[in-house]
Amino acid sequence: MKNNRILVLFLCLIFVLPAYSKAKRYEFGDYSSNTLIEKASSCLNDSDWKGVELYTDKCIQLYRGQAMRMQNQLKDYPDDNASLTYWALNHVAYAHYLKAEMYSKMGKHKKAYKEYEIPVKKYKFSKCFDPSQNIFWKIADECQSRMSKMINTFGKDFFGGNDHSDNTGNNQTRKVEMKTKELRKLPNLNTTN
């Protein structure tokens, strides 16, 4: 009996301990929104989906109330010089953007669309600084642009439209056929005649 316990302990040391020591540990640092966003961005670049989700969720959880208060103070985009004053608004919106990018890279387009939609609806005046170009860009505008591209690619019905047809591909074929028919009805705009 004692030999069995020793054997089990030995096997645990050989197989479990090395796996545990290699497991990635996620540290939240000082829990500042800036730290969480930097870590989430780094995880996105490394295709570490678990890390992206942990850091963005923590940022959203800790700072969404403050972000909403900042959004409600604004009637338009702040000047670039004042944009950093609205750090919680910018970081929470950017956290949703990063989650959307993650879902898009994973091929989970419906989830990506829903995440892109949040800054458009809730954090309209958020901005993000791009140090490589030394400019601020508008997060909600970029999210709207990505949503439009997704609708052009997959169709509006894919993201919750009123079409409840089956998902066997027949619906997509019908859409292509309808668009082709519509294009044939347009006048010929070729001016080389």
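The values are calculated or read from the model by the stated rules, or taken from the named source; none is laboratory data. All of these numbers come straight from a predicted model, not from anything done at the bench. Note: ideal-geometry Cβ built from the backbone for every residue, glycine included; neighbour counts use all protein chains shown. Heads up: the accessible areas ignore ligands, DNA and RNA and are worked out on the full protein's heavy atoms, side chains in. Shrake-Rupley method; radii C 1.70, N 1.55, O 1.52, S 1.80 Å.
Of note:
- The residues in region 45-72 that are of a type in the set (A, V, I, L, M, F, W, C) and open to solvent by less than 30 Å² (accessible area, probe 1.4 Å) can be counted, and the count is 5.
- Condition check for LYS24: modelled with pLDDT of 65 or more, open to solvent by 50 Å² or more (accessible area, probe 1.4 Å), under 16 Å from LYS122 (Cα atoms) and not in a helix (DSSP H, G or I): no
- The set of residues in region 97-145 that are among the polar types (S, T, N, Q) and more than 12 Å from the chain's Cα centre (by Cα) comprises SER126, SER132, GLN133, ASN134, GLN144, SER145.
- Residues satisfying the stated conditions in region 111-136, i.e. more than 20 Å from ILE60 (Cα to Cα) and not hydroxyl-bearing (Ser, Thr, Tyr): ASP130, PRO131, GLN133, ASN134, ILE135, PHE136
- Long-range neighbours under 6 Å by Cβ, at least six apart or interchain, first residue closer than 23 Å to SER33 by Cα within region 98-114, second open to solvent by less than 50 Å² (accessible area, probe 1.4 Å) and polar (S, T, N, Q): LEU98/THR56; LYS99/THR56; ALA112/SER104
- The helices (runs of 4 or more DSSP H) found entirely in region 40-135 that carry 3 or more residues being hydroxyl-bearing (Ser, Thr, Tyr) are 49-73, 87-106.
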